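To start, the structure itself, in structure tokens.
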Amino acid sequence: MPEHVVGPVAEFPPGSQRLVRLGRIEVGVFNVDGVFYALPNVCPHQFGPLCEGGVTGATACSAATGWKFAWEREGEVVTCPWHGVEFDITTGRSLVAPDRLKVRTYPVVVEDGQVKVRL
Ligand code: FES
């Protein structure tokens, strides 16, 4: 699995989101509370630039929230800028159709102070 150094870890503070080009593809690298994730910058809906979207959380309403709307998972959701489909950064799955609308995720490691994405 080819490994690509994308920069020093200091350039990716918690909450950061950064696009990097790795050969012919563009990848979004996200630091979610100190854990790194990488997704392709292509939305599976209509190929919009997914990783250029805003990073937020999401509302939830379930038995776990007492059937009241609650704001959860701040910093774990990226919203595609073209049509607003939200994706879980940690899994690549959309919130609206997790089994149908999803992107792959790439492993990210930090070694010797460098962030590395494995394609
Ligand atoms: S292209 Fe991403 S939501 Fe439509």
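What the table below lists for this structure:
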| read-out | value |
| --- | --- |
| Nearest-20 debye value, the chain charge dipole, Cβ charges on Lys, Arg, Asp, Glu | 360 debye |
| Within a Gaussian network of the chain (alpha carbon springs, distance under 10 Å), most fluctuating of G57, G23, G48 | G23 |
| Stretch gain in nm, segment D99-R24, where the contour uses 0.36 nm per residue and the Cα spacing is subtracted | 24.3 nm |
| Inter-probe distance in nm under a simple model that places probes 7 Å from Cα toward Cβ, at T91 and H4 | 2.6 nm |
| Exposure rule at most 16 other beta-carbon atoms within 10 Å, DSSP loop trypsin sites (Lys or Arg not before Pro): the chain longest free segment | 25-67 |
| Residues S16 and W67, FRET efficiency given R0 of 41 Å [Cβ-Cβ distance, rounded to 0.05] | 0.75 |
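Laboratory data are not the source of any read-out in this text; all were calculated from the coordinates shown. This structure is a prediction, so every number in the text was calculated from the model and none was measured. Neighbour counts are summed over all protein chains in view; Cβ atoms, including those assigned to glycine, are modelled from backbone coordinates with ideal geometry.
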